[in-house]
Amino acid sequence: MRRLLLIGIGAGDPEHLTIQAIAALNQVDVFFVLDKGGVKDDLSRLRRAICERYIRVPGYRVVEARDPVRDPRIASYPERVAAWHAERAAIFERLLAGELGDDGCGAFLVWGEPSLYDSTLRIVDQVAARNNVAFSCEIVPGISSIQVLAAKHKVALNRIGGAVHITTGRRLAAGLREDLDDVVVMLDGELAFKTLDGEAFEIYWGAYLGTERELLVSGKLSEVAGQIESLRTVARAQHGWIMDTYLLRRTSAKAAARAAPALTGPRG
Ligand SMILES: C[S@@+](CC[C@H](N)C(=O)[O-])C[C@H]1O[C@@H](n2cnc3c(N)ncnc32)[C@H](O)[C@@H]1O
């Protein structure tokens with residue numbers, strides 16, 4: 001049966017690859033690449049560099065397909081994304097059926113960790129549900145940008161026994177529940193942290209994490225928000241794209257009190 005591997009490749013540093021990921025790379029006959037056009041050239045370069053550096057078995061192929069664009073005429077965001085996923089599922093199916101032999105092994109190299117804000121797994125589920133091509137699927141976990149952010153800032157994501165909330169810029173801009181104290185924000189093109197009370201949070205921000213262009217800023221939100229905004233604008237203009245992630249930490253006495261019971265609970 002055809003095999004499909006979704007291999008997490010980390011968030012920008014080729015040394016993020018796990019030994020399991022390297023072993024998986026060496027089993028692949030065909031790498032599938034969805035070409036997003038122009039701006040993501042740097043990311044394609046990194047994927048190529050990873051293959052050249054780690055693959056010791058010659059003869060693999062790379063097959064590119066044009067990534068469909070989201071249809072701006074569909075007003076509802078969930079419907080627009082659903083239509084886009086359906087188009088991508090049809091492309092995946094065509095790649096699996098047309099480019100792999102019956103016992104062939106294909107792979108997508110997935111940015112960061114495949115289970116985190118990445119649609120590849122959901123699309124593969126759709127392809128399986130369509131039942132037009134038989135295949136098995138395996139996932140190789142990767143280092144996510146969140147782990148890199150925490151490591152670079154030398155900060156733990158949670159307080160002792162506390163919860164961590166992971167969300168998007170879009171959702172943050174719609175409002176943050178009062179009892180969410182430690183919040184990781186991804187996919188924020190609009191600087192949603194500007195909607196918050198800057199006196200009430202610390203921020204740990206990182207862009208291009210794990211790459212030579214890495215940028216890190218941390219501090220009281222009110223004091224560093226402007227610096228992050230201007231760094232972001234300059235870097236985006238210079239490189240044509242930016243990926244950034246940040247941890248927000250509520251500093252109020254209430255937030256500290258919410259964390260405190262964990263300190264006195266049965267496990268200390
Ligand atoms: C489509 S999501 C993919 C997340 C990925 N699966 C992961 O595990 O990190 C893209 C978002 O991840 C974050 N991201 C990914 N790579 C990053 C990097 N090298 N530096 C900073 N943020 C990154 C950004 O918030 C970006 O908008």
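The values are calculated or read from the model by the stated rules, or taken from the named source; none is laboratory data. Because the structure is predicted, anything quoted here is derived from the model rather than measured. We place every Cβ from the backbone using ideal geometry, glycine too, and count neighbours over all the protein chains shown. Ligands, DNA and RNA are stripped out before the accessible areas are found, and what is left, the full protein with its side chains, is counted by its heavy atoms. Shrake-Rupley method; radii C 1.70, N 1.55, O 1.52, S 1.80 Å.
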- Rg/Rg_ref, the range 1-116, where Rg_ref = 2.2 N^0.38 Å and atoms are Cα: 1.13
- Message: Using a Cα-Cα cut-off of under 20 Å, which lysines could be cross-linked to Lys194, ignoring same-chain neighbours fewer than 8 residues away?
- Response: Lys220
- Query: So what's the net charge close to Pro114: Lys and Arg +1, Asp and Glu -1, counting the other residues with Cβ under 11 Å from its Cβ?
  - Reply: -2
- Query: Mind checking the angle between helix 120-130 and the chain's longest principal axis? C-alpha axes, 0 to 90 degrees, to the nearest 10.
  - Reply: 50
- Message: As an exercise, use a Förster radius of 35 Å and the Cβ-Cβ distance of Arg94 and Arg53 to find the FRET efficiency, rounded to the nearest 0.05.
- Response: 0.75
- Message: Quick check: the distance between the Cα centres of the range 188-263 and the range 129-174, to the nearest angstrom?
- Response: 17
- Item | Separation of alpha-carbon centers, the range 57-77 and the range 1-54, rounded to whole Å | 15
- Cα-based helix-to-principal-axis angle, 41-54 vs the chain, degrees rounded to 10: 70
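Under 15 Å from the Cβ of Gly169, count the other residues' Cβ atoms, weight Lys and Arg +1, Asp and Glu -1, and hand me the total.
+1
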- How far is helix 253-264 tilted, in degrees, relative to the longest principal axis of the Cα atoms in the chain, given as a value from 0 to 90 rounded to the nearest 10? 70
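Which percent of the accessible area of the chain is formed by carbon and sulfur heavy atoms (probe 1.4 angstrom)? The partial results should precede the final answer.
Working: 7410 of 14160 Å².
With neighbouring chains kept in place, the figure for the chain is 52 percent.
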- Item | Within-9-Å neighbourhood charge of Asp188 [Cβ basis; K, R +1; D, E -1] | -1
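Could you give the longest part of the chain that holds none of the trypsin sites (Lys or Arg not before Pro) found in DSSP loops with at most 11 neighbouring Cβ atoms within 10 Å? Each step should come with its number before you reach the end.
Working: sites that count: Arg56, Arg73, Lys154, Arg177, Arg267.
Longest stretch, sites excluded: 178-266.
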- Can you work out the accessible area per residue across the chain, with the rest of the protein chains kept in place, probe 1.4 Å, in square angstrom? 53
- Task: Extending each Cα 7 Å along its Cβ direction at Arg122 and Thr18, get the distance between those two points in nm, one decimal.
- Result: 2.3
